[in-house]
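Visitor: Here you go, one structure.
The values are calculated or read from the model by the stated rules, or taken from the named source; none is laboratory data. Computed from a predicted model, the values in this text were never measured in an experiment. Note: ideal-geometry Cβ built from the backbone for every residue, glycine included; neighbour counts use all protein chains shown. What goes into the accessible areas is simple: the full protein's heavy atoms, side chains included, and nothing from ligands, DNA or RNA. Shrake-Rupley method; radii C 1.70, N 1.55, O 1.52, S 1.80 Å.
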Amino acid sequence: MDKGLIISLTVILVLLALICAAVFLIVHKVREFSRNAFGTSSLSEGIKNQREQLADTPRSVMSMTRIYLPQIQRDFPEFNFEQYVQKSQMLIKDYLMAISKQTELVNPDAGDDLKNQVENIVQDLKSSGKSHSYSDIVIHETQISAYRNNGATVEIAFQSSVGCMSYVTDENGRVILGDKDIRTQTVFETDLVYVQDAEKISDNNYGKGSVGINCPNCGAPVKNLGKKFCEYCGTAIKEVNIYSWNFNRINEITKNKKQY
């Protein structure tokens, strides 16, 4: 056999041996990593198991309730934390179902800004021929995440850990975002708004039509809703105080804004 041919074959065999050794080493390292990370030598199986585990693990929320609730109850003794947690959770479900069914938001605690927010989302979905389906909604936990008082309005932000089935389909019914078979764990933040001083509200603040700022008896404007009685007729305004709270915004804060 030609000496040059023998050398060429030898080089090829050495290269093949090196390639096989490299492949074996890579596979070994991948399996070792998978065993350490996921408890299984199959990387694809480990990733699948991890994804399923994450799908069943609730997201954590920013819990500032212990800090802010005493301040809120000092400023508004009638404020019922548990009641507004329930209202916030019900609102999130109504919000998601309105988007899923592409209808208007019907909830007595929703302000005009929030209703307009839902309307805009629904219009975007309809104009693009897409649908965003939500189902099997479970709210694991709700906590106060922020408290802001600027003298004109008061805002209390709630964060809720939410698990649900969530996916977006195009006009042909093809899933383009999310998964029909894997649950989504996410966090929604709802903003609860209260008018502190009607005279300080500018055109850029929350609209007066979204809150009650008039005496239920004489109709006179209530300049400070923290007051117990109307300064014009003396009527107790406790009910005005209770029903002036409205939820004016909902944001999903653990995902990038979805493009419909």
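Visitor: Efficiency by 1/(1 + (r/R0)^6): what FRET value for residue 78 and residue 29, r their Cβ-Cβ distance, R0 = 41 Å, to the nearest 0.05?
Guide: Calculated value: 0.05.
Visitor: Need one word for the range 84-164: rounded, prolate or oblate. Basis is the Cα gyration tensor (sqrt eigenvalues a ≥ b ≥ c); a/c below 1.5 gives rounded, then a/b vs b/c decides.
Guide: oblate
Visitor: Using a 1.4 angstrom probe with every protein chain in place, what is the largest-first accessible-area order of 144, 19?
Guide: Putting 144, 19 in descending order of accessible area: 19, 144.
Visitor: Using a 1.4 angstrom probe with every protein chain in place, what is the largest-first accessible-area order of 104, 119?
Guide: Putting 104, 119 in descending order of accessible area: 104, 119.
Visitor: Still on this structure: For residue 146 and residue 170 in one chain, what is 0.36 nm times their gap in residues minus the Cα-Cα distance, to one decimal in nm?
Guide: Extra length available between residue 146 and residue 170 comes to 5.0 nm.
Visitor: Between residue 63 and residue 124, with labels modelled 7 Å along Cα→Cβ, what's the label distance in nm to one decimal, could you check?
Guide: 3.2
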